[in-house]
Amino acid sequence: MRLSRLLQFQIRQRKNCCRFSFMAQSVSDGTAKKLIQIDVSSDTVCPWCFVGKKNLDKAIASSNDQYNFEIRWHPYFLNPSAPKEGVVKKDYYRNRFGQRVEQMESRMAEIFKGFGLEYDRDGLTGNTLDSHRLIYFAGQQGHDMQHKLVEELCLGYFTRGKYIGDREFLVESAKKVGLEGAAEFLEDPNNGLKEVNEDLQKYSAHISGVPYYVINGKHQLSGGQPPETFLRTFQAAAS
């Protein structure tokens, strides 16, 4: 009799334990953070792309308790025929924008100051293919690595007068973010070329300007949007 009661007690305990485990799992599932996937088309010589990234980072920092984020960077060429050897940045913008250039650069300097950065008008500008190849390579080692590399490249180009086509600068930026093998990858001009062109066709062929964002595959934003716009779009994408 005592053995029978003991067995019944153990069965009830196991049932209660299983019910508690299921309830705990349900609570855990109910509070799981939703995934926000962001595809960004950009060019590494576009100042508005960097402005958009800084604002995106602010929005992510203020909402990462609600969402998990996966950010993927895709190439865009503002000037596909830009020379590989580079041209003086000031001369290029003066020739392209004429008298508007002073007003444009003053505006950009003010925006950068708001991020605690100094907008550098010096240095060269030119072909961005190698930078996009390197960004692709970084993505093979993780989306976080890719995101960090984009930040480092933009800081160098926009605030320290570095040339985006300079191999030494690209390798130096890769080392700063812990990306190994960059020098060897860039040595062969065919490495990543096919993938960059495929990415260009898939994500950027239909757009006319950058930055351009696709959030969770269905919400589109363009331009250097403020953090509040990103936050509203996160909410819409997660609902």
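The values are calculated or read from the model by the stated rules, or taken from the named source; none is laboratory data. Everything numeric in this text was worked out from a predicted model, so none of it was measured. Backbone-built Cβ (ideal geometry, glycine too); neighbour counts: all protein chains shown. Surface areas here come from the heavy atoms of the whole protein model, side chains and all, with no ligands, DNA or RNA. Shrake-Rupley method; radii C 1.70, N 1.55, O 1.52, S 1.80 Å.
Worth pointing out:
- The helices (runs of 4 or more DSSP H) found wholly in the stretch 144-222 and carrying at least 3 residues that are within 18 Å of I71 (Cα to Cα) occupy 193-199.
- All positions within the stretch 44-91 that are part of a strand (DSSP E or B) and of a type in the set (K, R): R72
- Long-range neighbours under 7 Å by Cβ, at least six apart or interchain, first residue closer than 15 Å to H132 by Cα within the stretch 200-211, second of a type in the set (D, E, K, R) and open to solvent by less than 60 Å² (accessible area, probe 1.4 Å): Y203/D39; V210/D43
- The stretch 152-166: number of residues that are buried (at least 17 other Cβ atoms within 10 Å of the Cβ) and either of a type outside the set (G, A, S) or within 19 Å of S41 (Cβ to Cβ) (or both): 9
- Qualifying residue in the stretch 169-178 (condition: closer than 25 Å to V87 by Cβ and touching a strand residue (DSSP E or B) at 6+ places or on another chain (Cβ under 7 Å)): no
- Residue in the stretch 103-124 that is under 16 Å from C49 (Cα atoms) and buried (at least 22 other Cβ atoms within 10 Å of the Cβ) present: no
- Consider the stretch 76-125 and keep the residues that are in contact (Cβ under 8 Å) with a residue 24 or more places away in the chain and among the charged types (D, E, K, R). The one that is farthest from L193 (Cα to Cα) is E118.
- Scanning the stretch 109-143 for residues that are under 16 Å from L200 (Cβ atoms) and in contact with a Lys or Arg (Cβ under 9 Å, 6 or more places away or on another chain) turns up N127, L129, D130, G139.
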